[in-house]
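Undergrad: One structure, pasted below without further comment.
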Amino acid sequence: MNVDNLSNILGNLLVPNEELIRESEETLSKLCTSPEIIPALIEVIGSSLNDQIRLLATIVLRQQLGTHWGEFKEQDRSELVQRLFILLENENISLLQNNLAYSISKIPALDENYPIINTSLEYIETHSVSKKTQSRISTYFLLNSLIETSGDILAAESGEFVCTVLINSLKDENNNIKLKCILSCGQFAGNILNEKLRKNFDPIFPLILEYLQICLEKDLKEDLIASLEVLDYLTECPVRLIDKYLDRVLKFILEITKSNSIDLEIRLRSLSFLIGVVPKQRTFIHNEYIKPILKSSFQLALDLIKLEKGNYSTEDFNLYIDNYDEKSGGINFEDLTEEELLLLKAPYQLINIISNNFDPNLVFEVSFEIIQIYNRIGNEQHKEVAVYSLSTLVEGCYEQIKSEIETIMKLVIIAVKSTDFRLQKVGYSCLSKFCVALQPEITELIDILIPIFLNGMEHSNDIIKYKASCAFENFIENVTQDLSGYMENILNKVIDNLTKNEKEVPIINQQRMLSIITSIIATADIENIENFGQFYETIMELLSKVLMITDQSMLQLRIKATECVAVSILVVGKEAFLPYFEDFFQNCIDGLELGNSELNEFIYLSFRNMAKTFQQDFSSYVPIVMEKLNNSFSTINSIFIIQPLKKQMENNNNNNNSNNNNDEDEKNVIKRIIKPDLLNEKSSACLTLGYLAKYCVNSFIEYFEESALFVIDLIKDFKSSLRKAGLSTLFNFLTHLNERYPMDKENWETGFPSENIIPKIVKDFIKESMDIYFYLIKNDKKKSNIAKICKNIIKTINIFGPNSIEFCIAQLMESVIELLNEKTSCQKRKKEQDIYLLPNEELNSQNFHHDFVLIDSVVDLIMEICKVLEKSFNPYLKQSILSLLRFNAKIRPLDDKSMAMGGIAMIIKHVGQLACPFFSDLFPLVFTNLQLIENNNIKFISDTENALKRNTLYLLGTIFENITQDFEFDNEIENSILFIFQILDSSYSDVTKDNALSALSKIIVSVDINKLPPFEKLLPNFLQGLPIKIDYEESKPVLNCLYQLFENNFDQMKAYTDQVFEILILIIVQENEIYTEDEILLEIFEKTVLLFKLLLKKFPKRGESIVNEMPNEYRLILNEMISQY
């Protein structure tokens, strides 16, 4: 291949001549079909005098190497690699070096047998100590590329060597090399998966911190920012690389954030680093850091305001130092990136994170001290920071803010009454959050707040109007007091705003007024409808005018008004809405002619609420509604919905990978036709079918089969919202039609009445939908859809019995296990690693967060399957337990571990002693989870920590309930009781201690009494925690235990008779209402009374004496309960 010709072609691609570029692209495309393009490109890179041509040649080389590598002989490959290394060594331009290094690093993926990694490491070893700076720099381009493409292999086979190279290079005198090396450290750290390699990496942290200090001293801003990003990445590494140096890192970062002499952006970047570190390292960060972190956050927030000029809002962070515009005297924020805007949120975001992760008492104490100082200073800037910081604290410190609500609300009210625009805006934003978080306390200020809201809604500035109305809406939605006394003033203000023209009140504010009306209606106290009637009449008179709007530019007001009336139907009820029914129904029918999908969405909501309120009285309108629904369904031809996924499933099942042009055409049509608002309309229409089936079943029955078929097809839709609506609606069909035509769950084949139309539809649906479910579980990328599928399968089992899924139980369990192992499309992680760890294994996984969207639903499903199969669950038992144990790995968050413990406990509960072979492996995991947290925050125990202890205790008790006599478990008994005593003597919550008492009672009942500690050591701790404080269902095993102790160990229990009498009397006399109002608890209460009678029988004199010593009112209640139960 002619090298000069190739060089000219590449040069032509750089000339601003479209025709020449097109011709050159066609010629280059033909040349790239030959493997000779590779050596020719290498020759151009090495010989051309035009750096742009050489750069373009490296890009083409990267693209073509993978295409042609396999066409070269082994000797030719070696020669090509050698030439690439020579080019890399001699290259002086960084971008070309990077492209050449990346080309070399791609070779392992192209040819597993070619020893490119060893060759590359030899190059790195030689050139990392070269006297030529550019030669040393080339090693880091190569090392970074190798880590990116083959990091796991490097760590496993040459990890120690890589760490040595990195350490030596961080000592290089050239700062550019140090920075390149730090970037390599960040790349490599994610592959460190064992303790040995972690120790090799250890010396790197101090060297990175040294370089950060150099960057500060020499004002190397860009280098410092890049190094901070690497440091942030290192905090996320699997084997907790940062732990040893966490204190040093925090001190260094805090020194930066509090120094006014350092560039503000650097300080913000450092604060952003803390935002990433604090939640991940919460248990390792000492309380001594809380105050300096909060002080830095407040100071930085203040410094940002001081740099602002013009009318820009701190809360929206409409400022960026590099975008300051001298002419306008403000910040040009329109071109800011999302990253830049997030950076400017850092001070308040960090305050919020601290409040949610540490002892709220400590956080509030420190913050409130700063807030009061800022408030005393008295200028608007300090007050703005003080008020806005309160809005970020309220999520984590709401109880503490409530304790100082009078002082704090004075501060906020001063802000909203201020003449300073920015302070007013921040004040209303703060009030908006307070109205949600500080109920019911803030409702007590209703007489002060309502005038403030109403005045804000009359403000001359539209932004203040909007903020005030948002806060007011939140107040109304959460208020705990009747608003009737304020209704006239509120409605007059709202109506006044709605009747003004667009110039006086922008449409966006008028929409908010309608939202306020909706909230008023939704929260109104209408027990006495006559008192509310006059206001409702005024509201409907106003809305009826808005509902006549047909101007497209004003249609958002009609949409909001339709939503408002739809909500009111459910609130005021049939009788109050009846006078407006006909007109509103006709208005909805007319509104469908306007062709606005968002309006249609709320019209269908109105149909749903009318059906729910009027029920069978709405039946005569069902044909009209169904006609309109059918028009909506036909908007998109169902062929375009059904075919793509159907054929995709068929191809998947047949392992047929051939392309089908028709499929592609159909997908393209869907992309062109379906718009988001149309999807919402279709979803709303679909949900309306379900309501008609539920409330107007007699009229709807003739449309059922057609509707069911449509909804079944909707489940197959590739669009998530339609699929979800279809799943919800179809199960509404099945649930309520099954109520009308009940079936025998035990006999799936013959359970339906012969005249019932359901059997074929139900069976066909379940079989077809299960196929769709299995496909979607593997391929759908949206977790919420898979969670919905899990819930729907549970519902199928509950409605139609376990026999309805018997035909696919093996495939169902296979899918469930795949979900538990997090191997489906919606659960894919960047690095696939098995994170099931045995207790003695090292941490080998990246950072995880609990999957609240999906995994809890998966566990609920496996619990349901286990419950209905019971002993027949045995074939799936081992895999289920092992899959759940993956969530108990060290790196897993507490929520994961808690879920795993609870899930395994439920499985054991249903399969019983079949689970015994796993107990010896479970005990060590249980004891690890029961260990008390050992850090400075022992007095602040999080809800998740309490939940883990509760579920682990539940598992412990369940194990003992199902343990076999031949199991040798003396040590386990001793350790179990020891851990339970520690929890009972700790600061854990009462509900956790209730579970500890329950577990202890199960141990006492389940094992030989001789294997327990002496009664004088065992019972005082046990009885001291009784009665159960919160989790009353745990009283059942406790009372059962006490009953058996008195039955079987009468002499030993005599000493504890008085204490047990007192416990039982407390339950019977003071807590009887709690127990007798619930079916499950009633059974426990009856057992309590039974035990009390047993004690009276065995200790009549002592019992009589205790009863006589009681106050008369207690004695009357006791006698009544004893006689009644």
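Undergrad: Radius of gyration and Dmax for segment 109-251's Cα atoms, expressed in Å?
TA: 14.8, 48
Undergrad: Something else: Beyond 13 Å, what percent of the Cα pairs of segment 884-925 remain? Walk me through the numbers before you get to the answer.
TA: Details: 459 of 861 pairs.
Every Cα pair in segment 884-925 considered, those over 13 Å come to 53 percent.
Undergrad: Going highest first, how would you order 881-893, 600-612 by mean Cβ packing within 10 Å?
TA: 600-612, 881-893
Undergrad: Using only Cα atoms, locate the centre of segment 137-184 and the centre of segment 1074-1094, then give the distance between them in Å, rounded to an integer.
TA: 69
Undergrad: Might you tell me the accessible area per residue for segment 848-925, computed with a 1.4 Å probe and given in Å²?
TA: The answer is 36 Å² per residue.
Undergrad: So, with a 1.4 angstrom probe, what is the percent of accessible area on segment 1-143 that is carbon and sulfur? It would help to have the intermediate numbers written out before the result.
TA: Working: 3370 of 7270 Å².
Carbon and sulfur atoms account for 46 percent of the accessible area of segment 1-143.
Undergrad: If we sort 965-975, 1023-1033, 541-551, 175-185 on the protection proxy, mean other Cβ atoms within 10 Å, highest first, what's the order? Mind dumping the intermediate values first?
TA: On the way: 965-975: 12.7, 1023-1033: 17.2, 541-551: 15.5, 175-185: 22.0.
Highest-to-lowest ranking by the protection proxy: 175-185, 1023-1033, 541-551, 965-975.
Undergrad: Using a probe of 1.4 angstrom, how much of the accessible area of segment 561-607 is carbon and sulfur, in percent?
TA: So the carbon and sulfur contribution to the accessible surface is 48 percent.
Undergrad: Right, next: Label Glu593 and Ile373 with points 7 Å out from Cα along Cα→Cβ: what is the distance between them in nm?
TA: Taking the two extended label points, one gets 6.9 nm.
Undergrad: Of the heavy-atom accessible surface of segment 414-521 (probe 1.4 angstrom), what whole percent is carbon and sulfur? All intermediate terms of the calculation are to be shown ahead of the outcome.
TA: Working: 2000 of 4200 Å².
Carbon and sulfur atoms account for 48 percent of the accessible area of segment 414-521.
Undergrad: Residues with amide H under 5 Å of Gly190's amide H, sequence separation 5 or more or different chain, H placed in the peptide plane at 1.01 Å from N; which?
TA: Amide H to amide H, under 5 Å and 5 or more residues apart or across chains, Gly190 pairs with nothing.
Undergrad: Okay, next question. Normalised by the residues of segment 349-506, what does the relative contact order come to in percent, with Cα pairs under 8 Å and at least six apart? The partial results should precede the final answer.
TA: Details: 157 pairs, mean separation 29.3, N = 158.
It rounds to 19 percent for segment 349-506.
Undergrad: Please sort by residue number the GluC sites (Glu not before Pro) in segment 448-522 whose DSSP state is loop and whose Cβ has at most 14 other Cβ atoms within 10 Å.
TA: When the GluC sites (Glu not before Pro) of segment 448-522 are filtered for loop state and at most 14 Cβ neighbours within 10 Å, Glu458, Glu502, Glu504 remain.
Undergrad: Hey, can you find the accessible area per residue of segment 170-257 for me, probe 1.4 Å, expressed in square angstrom?
TA: Result: 40 Å² per residue.
Undergrad: Residue separation times 0.36 nm, minus the C-alpha to C-alpha distance between Lys878 and Arg62: what's the value? Write down the numbers at each step before the final one.
TA: Values: separation 816, 0.36 × 816 = 293.76 nm, distance 4.75 nm.
Value of the extension gain: 289.0 nm.
Undergrad: Please work out whether segment 251-293 counts as rounded, prolate or oblate from its C-alpha gyration tensor, where a ≥ b ≥ c are the square roots of the eigenvalues and a/c under 1.5 means rounded, while otherwise a/b larger than b/c means prolate and anything else oblate?
TA: Oblate, because a/c is 1.5 or more while a/b does not exceed b/c.
Undergrad: Quick check: the distance between the Cα centres of segment 200-278 and segment 5-62, to the nearest angstrom?
TA: So the separation of the two Cα centres works out to 43 Å.
Undergrad: Also: If you roll a 1.4 Å probe over the heavy atoms of the protein chains, what accessible area per residue do you get for segment 949-1042, in Å²? Intermediate results must be reported in sequence, preceding the final value.
TA: On the way: 3720 Å² over 94 residues.
Accessible area per residue, segment 949-1042: 40 Å².
Undergrad: Could you please state, rounded to a whole Å, how far the C-alpha centre of segment 429-450 is from the C-alpha centre of segment 364-425?
TA: Result: 14 Å between the Cα centres.
The values are calculated or read from the model by the stated rules, or taken from the named source; none is laboratory data. Note that the coordinates shown come from a computational prediction; the quantities given were computed from them, not determined experimentally. Backbone-built Cβ (ideal geometry, glycine too); neighbour counts: all protein chains shown. Side chains are part of the model used for accessible areas, which takes the heavy atoms of the whole protein and leaves out ligands, DNA and RNA. Shrake-Rupley method; radii C 1.70, N 1.55, O 1.52, S 1.80 Å.
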